[in-house]
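Below is one structure, written out as structure tokens; the observations come after it.
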Amino acid sequence: MTTTLTPAQEAARMVDSLGPEALAKAQAYTTGNHWLLLGGVLVSVLVAFIMVRLRLLDRIAARFKEPRRFLPTLVVAAAFLVISTLLALPWNLYSDWHRERSYGLSSQPLGDYLGQMAIGESIGTVMGALFLAGVYALIRKTGRRWWLWSGGFAGIVTLLALLAGPPLIEPLFNDYKPVPPGEVRTALEQIADDVGIPHDKIFMYDGSRQSDRFTANVSGLGPSARIAISDVALKEASLAEVRAVTGHEAGHYKLGHVWRYVVIFPLLAMAFFFLLDRLFAPTARMLGSDASLDEPRGLPVFAVVGSVLGLLVTPLTNTLTRVGETEADIYSLETVNEPDALATALVKTAEYRYPRPSALEEMLFYTHPSVEKRALRAMEWKAAHPKAPPAAPPAP
């Protein structure tokens, strides 16, 4: 006699199929990620302390007769970003490269990692310096309400980055090609039609270059929107899993989640700049800096305040992200209707996101609902929406 499993039993069986060794490894990796958040803050404070004590930015600013003007501010901001990157390089090598390889989540050679890091930091330095120079200009021109104007400026920059990301920035790190004809492309075209993305914006990319994780994404806004699926997914996933995961990503696009962040991020930026306005002076004294708020040589103080506030706000931003992930799962189930495939695809992500966290751990640290919880939702959907059996062939 066949025993029918409940949705909870099915979800638990899928997670248990990973085996105790894989689950223990996933738990160790995930717990380590939590500690990396604190480690990143400590590294940021250490880098700022070194820069202030050695007066690195002070020496650069002293070369200009009027260091508060736009061009000197741009130069000092760029120098701050480059020096910060170099001082934090050992930490980043450990956290972003060595650790990923040690857990079998990446096979990227060190040379390739450093080359891509150099590209990313070059772009970040140019764009970051321009942004910071703009913020300092607002500090000097708008008075006590500078934090309000700066938050709006951050929103505009975010919108431009979303537009420019897919066509201009992402191809610098990966090779994007059209998905070749076949059943995978046909399935992706159906999803693209549902969300209004043209068929010539369906790509595959060499995601295995950086990571062995199974992933896909729908990114961009308006004319820059596209579907991109990693070669890892094409090699390791079934057609149903590709459909289910891409349906999830298409859900983010269709439900307008990106616009949610376009609104939320400027509000968070305003809150950050408001608090920075109040916390700058005491933090500067703690670090031993005599810079004032409108001087770019005070950027190490910015960095310390930003890293601490970023850590404190993590539970809030994670909660907002989890809500969006849940909505995207539901969209995939409703439109693609592959509950088994969605669940098995999610279980594959358990190697880098422990599937059974405590409620507190999930609330504080998880950007996605736990894998077991998401698999349970898929099994509950399956139980509530059984697929009709295929029609019998007509009698001869």
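Nothing in this text is a laboratory measurement; each read-out follows from the coordinates by a stated rule. The shown structure was predicted, so the numbers you read here are calculated from the model rather than taken from an experiment. Cβ: placed from backbone, ideal geometry, glycine included. Neighbour counts: every protein chain shown.
Taking other residues whose beta carbon is less than 13 angstrom from the beta carbon of F302, and scoring Lys, Arg as +1 and Asp, Glu as -1, yields -2. Ratio of Rg to Rh for the chain: 1.02 [Cα atoms; Kirkwood radius as inverse mean 1/r over pairs]. Decide, for region 182-245, between rounded, prolate and oblate: order the square roots of the alpha carbon gyration tensor eigenvalues as a ≥ b ≥ c, take rounded if a/c falls under 1.5, and otherwise choose prolate if a/b is larger than b/c, else oblate. Oblate, because a/c is 1.5 or more while a/b does not exceed b/c.
Relative contact order, whole percent, for region 54-172 stands at 26, derived from Cα pairs under 8 Å and 6 or more residues apart. Relative contact order of region 228-342, taken over Cα pairs closer than 8 Å and 6 or more residues apart, is 49 percent.
Relative contact order of the chain: 23 percent, from C-alpha pairs under 8 Å at least 6 residues apart in sequence. Cα centroid separation, region 312-371 to region 219-289: 15 Å. Take the cross-link list K177/K254; K25/K254; K25/K382; K25/K177 and give me the ones stretching past 32 Å between alpha-carbons. Beyond 32 Å between Cα atoms: K25/K254; K25/K177.
Of all aspartates and glutamates in the structure, those lying under 19 Å Cα to Cα from K201, and not within fewer than 8 positions of it along the same chain, are E170, D175, E183, E189, D193, D231, E249.
Screening the chain for DSSP H helices whose Cα atoms reach 15 Å or more along their own axis and whose mean Kyte hydropathy is at least 1.0 gives 70-87, 146-164, 257-287. Ranking G165, V126, I50 by how far each Cα lies toward the positive end of the dipole of region 44-197 (charges on Cβ) leaves I50 at the top. Taking Cβ atoms as reference points and 11 Å as the exclusive limit, the residues near V245 contribute a net charge of -2, counting Lys and Arg as +1 and Asp and Glu as -1.
Summing +1 for each Lys or Arg and -1 for each Asp or Glu among the other residues whose beta-carbon sits under 14 angstrom from that of G39 gives 0.
When the Cα gyration tensor is reduced to axis lengths a ≥ b ≥ c, the ratio a/c is 1.5 or higher for region 156-215, and with a/b not above b/c it is classed as oblate. For region 304-350, pairs of C-alpha atoms spaced more than 16 angstrom apart make up 56 percent of the total.
Under the rule a/c < 1.5 gives rounded, and otherwise a/b versus b/c splits prolate from oblate, where does region 245-396 land using the Cα gyration tensor? Display every interim value, and only then the final one.
Numbers: a/c = 4.50, a/b = 2.87, b/c = 1.57.
Verdict is prolate for region 245-396.
A cut-off of 5 Å between modelled amide H atoms, ignoring neighbours fewer than 5 places along the same chain, links F203 with V179, I227, A228, I229.
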